[in-house]
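Novice: Take this structure first; my questions come after.
The values are calculated or read from the model by the stated rules, or taken from the named source; none is laboratory data. The shown structure was predicted, so the numbers you read here are calculated from the model rather than taken from an experiment. For neighbour counting, all protein chains shown are included, and Cβ atoms are generated from backbone atoms with ideal geometry for every residue, glycine included. Just so you know, the surface numbers come from the protein's heavy atoms only, side chains and all, with ligands and any DNA or RNA stripped out. Shrake-Rupley method; radii C 1.70, N 1.55, O 1.52, S 1.80 Å.
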Amino acid sequence: VNTRKHPLGIPPPSEKDWPKDEEDFFLLDPDRERDALPQPFRMINKLVMQVFESAMEIIERREMLREAQKPKVQPKMCFPTAEFQVTERANCLAVSGKYIFVGLSEGLAAFNTCDFKDVCAWDTAKTEICAIHALDLGNECHVLLAVDEMGLVWLFCFHRESFLLVKILNEVEDISQRSTCVEEVLSRGGDYAGILLQGNTEAWLEIYQLPKDSWLTEMEKNAGATEELACSEGRSSCLSKVGTFLLQEPPVSAVQADVELDLPVLLLTVRPPKPITGTSFKGPLDALKGMDDDSMLGLGYNHLIKDSQWELQEAIFCSTYREYLEAEGVTKEEIPRHATFHFLLPSRILMGPEMEVQPDIPVGIGVHWDGNHNFCLYLLNHSLQGKADSDLMPDVVWPCAAPIACSAVSFCSRYLALAGEDATITIWDKHLGYPLSVTTILEERFIRSIHFL
C-alpha cells in the first residue's frame, strides 16, 4: 500500500503563470477568452483606450472650470462719452440737476450736461475751492456750499447760469479768531445746512436755516423782469438799422445785478460735551433742581460725586490694573475736535404732541463726538424758544456701551446704525426709540464707516 508521509499542500504560484497582457483578467468573462484580439491589435486597443480616458479627463476638467466661471461676471468697460475742458486745475466736483459744478484753483465753474459746455464761471475772490456740496432746489435754482483753501465756507445760489454769492458763513473780522471748516452737509430738500468748525483750541457745530422759499420767489420775480428786458431790447434792435457788429464783453445778467437774497439764519451752535468732573451741588435737592424733567437720560452732569471720590476711584483703578495700563499706554481724556452729524426727519422721539411738522423737512439733528459714548439729538426750533446756544443741551440722549466710532441714517430716516469702537453694530428704530438688532463683528476689528444699502 502506497501511503503519503506528508499532507497534500497547495503549490505556490510561479511567475510564469501570471498573465502578461491582461492584469485584470479575473474581471473578464471566461466566455470572451476566445474573442480576445491577437497581437498587435491588443496593444493598439490599449493605446486607444488610454487616449480616450485622457481626453475625457481633459473634458471634465474644462467643464468644471466653465461651471466655476458662470457665477463670475465680466466687468463692463466704461469709456468717457464727453470731455469738459477746464483752464485750471480741478480739485472737486458736484452734480446737481443738469449741471456739474467744478472747484478750480481759482474759483468755480459750471458745466451743462446737455451740450457739455461751460455755462458760467466765478473767480472774483481768486481763491482755491477744495470741496463742493450742491443741491437742486427746483425752478432752475441750486444751492452750493464751497470750502476754499483757508477753510472758509462760501454759500452760493446758482440760478439761470449765474453764481450769486449769498454769504461767507464763517467769516470774521479778527483773523486770529478765524475758524476752519472741517465738514459741511446740506439737508435733503435744502432747508438746512450744517458746518463743523475748528478753532485754535475747540470745535463746534453750526446749523443754519436756508430761506429757500424766499430765494425761489425772488428768482421768479427777477426772471420775469429779465424776460421783459430781453423782449424790449429785441424790439429796439429790430427797429435799428445799424449794419455793423461789435465784439464786446457780455453784459451783467439782470438776475445777478438786481437780485437781493435773504441771509441764512443761525439756529444752533452745538459744542462738544465737557468732561464730567466733581459735583458742585451741596445736596440731592440742588441736583434735582438742576434737571429740567425726568423724562430722558442726561449727559451725567447732575450727580453727587465729589472730586475726592473721583480721585480715590481713579487711584484704586490705576493700582489694580497698573500692568495693563502701562502696557496699553492710556492717554488722558481730551475734548473731542471732530463730530459726525445727520439731519433727521420727524419721528416720535423728536416730535412733541403739539408740533406741526412736514414729513419731508428735518426737525432735528443727531450728533456724536469722537471718543464719546452718547448719541445726542437736538430739535431745530431752539432759537424760537429763546435758549442760549452756548449752553445748549440735547433733547434726547442715547448712551452706548462703547465709544461711537461711526454712524449712518437710512434714506427714509427711520433707522439709525451706530458702530462702537468694540466692533458692535446696533440698529435703532428712531420712530419707536428701541434697538432692532445688535451684531458683533470679529474681535480686534475697528469699524471705520457704515452705510445703508
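Novice: Tabulate in residue order the Karplus-calculated ³J(HN,Hα) for region 174-180, using 6.51 cos²θ - 1.76 cosθ + 1.60 with θ = phi - 60°, rounded to whole Hz; enter x for Gly and Pro.
Specialist: These are the phi-based 3J(HN,Hα) values: 7, 5, 5, 9, 5, 10, 10 Hz.
Novice: Let me ask another. Using a 1.4 angstrom probe on the protein heavy atoms only, line up Trp122, Trp310 by accessible area, largest first.
Specialist: Accessible-area ranking of Trp122, Trp310, largest first: Trp310, Trp122.
Novice: What is the list of residues in region 409-435 whose amide nitrogen lies under 12 Å from a point 7 angstrom out from the Cα of Arg348, following Cα to Cβ?
Specialist: Label zone hits: 429-435.
Novice: Can you pull the percent of region 88-144's accessible area that's carbon plus sulfur, 1.4 Å probe, other chains left in place?
Specialist: Carbon and sulfur atoms account for 50 percent of the accessible area of region 88-144.
Novice: Based on the Cβ-Cβ distance from Ala90 to Ile175, what FRET efficiency comes out when R0 is 30 Å, to the nearest 0.05?
Specialist: It comes out at approximately 0.55.
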